[in-house]
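Down below is the structure, laid out as structure tokens.
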Amino acid sequence: MEGRKKRMLDLHQFSVPMAKIAVRSYMEALLTKKQESSITDAVFIVGQGKGSDDGKPVLLPAVVKLLLEEYRINASVDEFNMGRLRISKESLESFIERKSWKQ
């Protein structure tokens, strides 16, 4: 995925409820734009858990679960930065196609 355009959403200072709101807002914005030519990979910065009480990631599992359960999207942890989730352009385009078909 190196060299591909991507959009970043920095969530790592958010609480879990606020991060979920931001992700839902991002996903809904994709549906209202419907400009597939401008769709790029998405990167959600969720942090590695260094600021949490037990040092374990809090946002990462919550955002992964949200994307999978509500949007049927598999996000992958960035191999170079464990505090980032990536969603490929192709997965986002598939999501838009599924949702657009239902409308």
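The values are calculated or read from the model by the stated rules, or taken from the named source; none is laboratory data. The structure presented is a predicted model; accordingly, all values stated were derived computationally and were not measured. Neighbour counts are summed over all protein chains in view; Cβ atoms, including those assigned to glycine, are modelled from backbone coordinates with ideal geometry. Just so you know, the surface numbers come from the protein's heavy atoms only, side chains and all, with ligands and any DNA or RNA stripped out. Shrake-Rupley method; radii C 1.70, N 1.55, O 1.52, S 1.80 Å.
The residues of the stretch 64-95 that are touching a helix residue (DSSP H, G or I) at 6+ places or on another chain (Cβ under 6 Å) and among the β-branched types (Val, Ile, Thr) amount to a single one, 73.
Working carefully through the options 25, 52, find the one that is open to solvent by less than 60 Å² (accessible area, probe 1.4 Å) and polar (S, T, N, Q). Talk me through it step by step, then tell me what you get.
Numbers: 25 fails: open to solvent by less than 60 Å² (accessible area, probe 1.4 Å).
Just a single option satisfies the conditions, and that option is 52.
Take the conditions (1) at pLDDT 85 or above; (2) surrounded by 18 or more Cβ atoms within 10 Å (Cβ to Cβ); residue 39 misses just one of them, which is (1).
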